[in-house]
């Protein structure tokens, strides 16, 4: 999804220019967080192996609900909690919707 939004054609910027007045501020905020997710310039944790002294920089994540990387864990947790709260059946039907403007 990152390639669709932020490739060389700059689809997100074009979309914002065309529909900016109609886009809710929270949508802009979430997409902007998504764009910067995992960027090492925004900070990272440094891990050093005590055995071989290999150094790894692990960038901070945005934890946004729009982010395809960060929202996966939250979706799984939501699914687990939902399983505990609903009837114990073999099949569940869940529908996700996307804002018409997107």
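Since every read-out is calculated from the coordinates, none of them should be taken as a lab result. Bear in mind the structure is a predicted one, so any value in this text is a computation, not a measurement. Glycine gets a Cβ as well: all are built from the backbone with ideal geometry, and neighbour counts include every protein chain shown.
Please list 17-29, 67-79 highest first by mean number of surrounding beta-carbon atoms within 10 Å per residue.
67-79, 17-29
In square nanometres and to one decimal, what's the mean projected area of the convex hull around the Cα atoms of the chain?
Seen from a random direction, the Cα hull of the chain projects 10.7 nm² on average.
Using helices alone, what [θ] at 222 nm do you get for the chain, with -39,500 (n - 2.57) per DSSP H run of 4 or more residues, divided over all residues and rounded to the nearest 500?
Calculated mean residue ellipticity at 222 nm is -12500 deg cm²/dmol.
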